[in-house]
Each structure stands twice: as structure tokens, then as C-alpha cells.
Ligand SMILES: [Mn+2]
């Protein structure tokens, strides 16, 4: 399939969790004029603790470089796990341009802020009192966010992980996702964008938040999702693991000589019996 744009994030290459085979499979069948890598593509924090670099992870990098070679405009927007790439802002490697954030204008004229999203961690956590304290506190918290992460780095410590923190607060997880969506949408409004395209929290979503288009590309650790822009400018979420699952069921059903719905029903009954 050919699209105007492909957005992917949070592939976490260099970790055991990365579903590199599915990602390779997705990249093999999907091309675009613009490709945005929206952060946490290579997991530098994991690689620091020991080198883990299977062939499939290398193949992903090669596949992306090949797309750039074939004429796709590829942008790399670093996240917190690949923030070593933030030392290369404004440079190119193999035709891939590294930038802190990007502005993407869709074919139907909507202007999107493209950012990984970790810069807003502290805003998300302190959203309640920041709302009371207003603009200066907001700017201060943004500044503090980068400083505290720099300090942690100096001490050789781990990044404080917002998603890890959120998962520990199970009850507040839903709350936290919607808080993140609100903060990122507000940031888009602040910058006079029509929408925001981000990643970071491993929770894919396309929705309208108070008139702002909120788009999260998800991840390739848990859900295997990407966002694509068709040539008419419309944005769509692709759940590649889900697509592959459905195709497998169609194949299995054909082999068994029954309808896919029937096979699904049989498998469901089997699971319930087990
Ligand atoms: Mn992240």
C-alpha cells in the first residue's frame, strides 16, 4: 500500500520486547512520501545495560534507510529512550533528517505538531496544580522536566519513566492517559496547530480533543500500530498485529473449508471450555 505519510513511534529496537518481525512485515508492504519516526525508535537506555541487537532489528534500520534511498522523506524525532539522537538535531544520516519536533501539513491542509511527547511528563503529573498556577508555572515545569532528566543522566541513573509510573498506579492509568491526551492537545492549541501527532505512552488513538486532532501512533512493543495519512489527507490507525491475526483466521478457515466467522466462533468456544 502506498500512503502520503506513515507515522511510527516507540519501536524500542534493542529491547527484547520489540516486535521487529511484525514491524519488518509492515514496512515491506507499506510505502509513503513522508515517514516520521516519532521517538523511542532505538532504546539507548536498554543498550547501555548490555548490547542486544538481533538481525531483525538491524533489518528494520536497513528497511528505513532503503525507503529514504528510494526517495521517501524520512524524519527522525528523538524521544527519551533515544535521546542520544538529540545531539544530532539538524543533521542527516543516510537521508534521514533528525529534528526535535516537526510540523506536518496534511493534504487537506491541517497543520500538525509532531513530537514524541516525553517533554510533557511533568506537566501531565502536575496538571492539576499547574492549571491553577497558570502559564509561567507551565513554562517552568517544562524547563524543569529537561533539567531533572539531564541530572539523572549525569548520575548515570535511569530516566524516570512516565509510563512505568502510570502502570504502577493501575487505578489511575486511564486517568493518566486522558490527562496526557489533554496536555498534548493543549500544547498543540498553544502553538496554533490543528492537531498533534505523538507517541511515548504506548496507547494508540485518533480522536478530537476540544477541537484539536489528537493522534498517538502507539508502539511496536505491545500493540504494533502505525498511523497513516492517505492522499486525501485523512489519518488512519493501522493495528498491524490485528490485521495479521484476521488474515490468518481467513487462511485457516479456507483450509478447513468453513467460513471465518464459524472458525472464530469455534475457537472462542474452545477457549471458554479450556
Ligand atoms: Mn518515550
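Where in the range 8-70 are there helices (runs of 4 or more DSSP H), lying wholly inside it, with at least 2 residues that are more than 16 Å from the ligand (Cβ to nearest atom)?
Details: elements: 20-29, 44-48, 55-69.
Fully inside the range 8-70 and qualifying: 20-29, 55-69.
Could you tell me whether residue 210 is surrounded by fewer than 24 Cβ atoms within 10 Å (Cβ to Cβ) and closer than 19 Å to residue 110 by Cβ?
Taking the combined requirement at face value, the residue satisfies it.
Can you tell me how many residues within the range 217-244 are touching a residue at least 40 places away in the same chain (Cβ under 8 Å), more than 10 Å from the chain's Cα centre (by Cα) and under 12 Å from residue 197 (Cβ atoms)?
3
Residues 105, 60: which one is modelled with pLDDT of 90 or more and crowded, with 19+ Cβ neighbours inside 10 Å? I'd like the intermediate steps shown before the answer.
Details: 105 fails: crowded, with 19+ Cβ neighbours inside 10 Å.
Step by step, each of 105, 60 is checked, and only 60 is modelled with pLDDT of 90 or more and crowded, with 19+ Cβ neighbours inside 10 Å.
Quick one: which residue in 214, 180 is touching a helix residue (DSSP H, G or I) at 6+ places or on another chain (Cβ under 8 Å) and free of Cβ contacts under 8 Å to residues at least 60 places away in the same chain? Break it down into steps so the answer makes sense when it comes.
Working: 180 fails: free of Cβ contacts under 8 Å to residues at least 60 places away in the same chain.
Result: 214 is the single residue among 214, 180 that is touching a helix residue (DSSP H, G or I) at 6+ places or on another chain (Cβ under 8 Å) and free of Cβ contacts under 8 Å to residues at least 60 places away in the same chain.
Quick one: is residue 228 part of a strand (DSSP E or B), within 30 Å of residue 118 (Cα to Cα) and within 16 Å of the ligand (Cβ to nearest atom)?
On the way: part of a strand (DSSP E or B): yes; within 30 Å of residue 118 (Cα to Cα): yes; within 16 Å of the ligand (Cβ to nearest atom): no.
No, not satisfied.
Condition check: over 29 Å from residue 49 (Cα atoms), at pLDDT 90 or above and within 16 Å of the ligand (Cβ to nearest atom). Does residue 181 satisfy that?
Values: over 29 Å from residue 49 (Cα atoms): yes; at pLDDT 90 or above: yes; within 16 Å of the ligand (Cβ to nearest atom): yes.
Considered against the rule, which asks whether it is over 29 Å from residue 49 (Cα atoms), at pLDDT 90 or above and within 16 Å of the ligand (Cβ to nearest atom), residue 181 comes out as yes.
Residues 153, 168: which one is loosely packed, with under 13 Cβ neighbours inside 10 Å and modelled with pLDDT under 90? Explain how you work it out, then say what you get.
Numbers: 153 fails: loosely packed, with under 13 Cβ neighbours inside 10 Å.
Unique residue meeting the criteria: 168.
Please state which of the following conditions residue 66 fails to meet, knowing it meets all the rest: (1) closer than 18 Å to residue 225 by Cβ; (2) out of contact with any strand residue (DSSP E or B) (no Cβ under 7 Å at 6 or more places or on another chain).
The failed condition is (1).
Could you check, for the range 80-92, whether at least one of its residues is away from the ligand (no atom under 14 Å from the Cβ), modelled with pLDDT of 90 or more and assigned to a strand (DSSP E or B)?
Yes, the conditions are met somewhere in the range 80-92.
Among the residues of the range 184-207, what is the count of those that are more than 30 Å from residue 16 (Cβ to Cβ), more than 16 Å from the ligand (Cβ to nearest atom) and either modelled with pLDDT of 95 or more or buried (at least 18 other Cβ atoms within 10 Å of the Cβ) (or both)?
Residues that pass the stated criteria total 10.
Among the candidates 70, 25, which residue alone is at pLDDT 95 or above and touching a helix residue (DSSP H, G or I) at 6+ places or on another chain (Cβ under 9 Å)? Even if it seems obvious, please write down each step before you answer.
Details: 70 fails: touching a helix residue (DSSP H, G or I) at 6+ places or on another chain (Cβ under 9 Å).
Going through 70, 25 in turn, the sole match is 25.
The values are calculated or read from the model by the stated rules, or taken from the named source; none is laboratory data. Just so it is clear, the model here is predicted, and its values are computed rather than measured. Cβ: placed from backbone, ideal geometry, glycine included. Neighbour counts: every protein chain shown.
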